[in-house]
Amino acid sequence: MTWKSYAGDKLIPLNTAFEGQLYEGRLKTRESRNAIPIPEDVIPIIEAWRSVSKNTSPDALMFSTFGRGTRKGKVVPRQGRNFLKWRIHPIADKLGIPRKLVTFQVMRRTLGTDMQGHGTMKDAQQILRHASIRITAEIYMQEIQASVRSAINSRTREIFSQRTKELSQLKTPVSHQRKPNSLKPRNTTVPNGSKFVCGVFANG
């Protein structure tokens, strides 16, 4: 993605970057040329990035790195697998999500499924840039019934509630100090006639 693709509130794909190589003017499908809306909360982040970027000319890469081997020292697109390795996988590790489940395809389909709670099928189709709304519906936007969502939410809240109680108990440890014994030691007579006074046998 070059800076000329950035149009303030949207991105207009003009090129394809794959395995660290930029293919200018080449896109997968006609729908791949559709504009990508940028969330309002993300725009300030992109603007902040642009303010610290060394080169923001139209043909400069928005997110670049330096090549290796025959391309050593040259500015090249970031490789997707490296982005996953250094940026996404550490987050997945903290959340306990297996790395094999964290791929661009999985994240894309997660977006499609999650969109059903935020917009229409047509909205999701445009965001995912599908030629057919059938693809959006059957593959990327799996319907989850309200009763199923309610059940899993209830179960999750129960687990979190129990976890909260456990953490609360850890923060306020229970004192296990023995209370001083205010009772006087008793004299105990054992079967052989001796007396046991304060831990010592006394002959009777």
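Read-outs throughout are calculated quantities, based only on the coordinates presented, and are distinct from any laboratory measurement. Just so it is clear, the model here is predicted, and its values are computed rather than measured. Cβ coordinates were reconstructed from backbone atoms using ideal geometry, including for glycine residues, and neighbour counts include every protein chain displayed.
A few remarks follow.
- The order of Tyr23, Tyr6, going from fewest to most other C-beta atoms within 10 Å of their C-beta, is Tyr23, Tyr6.
- For the residue pairs Lys28/Lys72; Lys28/Lys85; Lys4/Lys54, the alpha carbons lie more than 21 Å apart in Lys28/Lys72; Lys28/Lys85.
- Residues Ser132 and Ala35, FRET efficiency given R0 of 25 Å [Cβ-Cβ distance, rounded to 0.05]: 0.85
- Between Gln21 and Ile45, the simple spin-label model (points 7 angstrom out along Cα→Cβ) gives 3.0 nm.
- Of the GluC sites (Glu not before Pro) found in the stretch 1-74, the ones in coil according to DSSP and having at most 16 other Cβ atoms within 10 Å of their Cβ are Glu19, Glu40.
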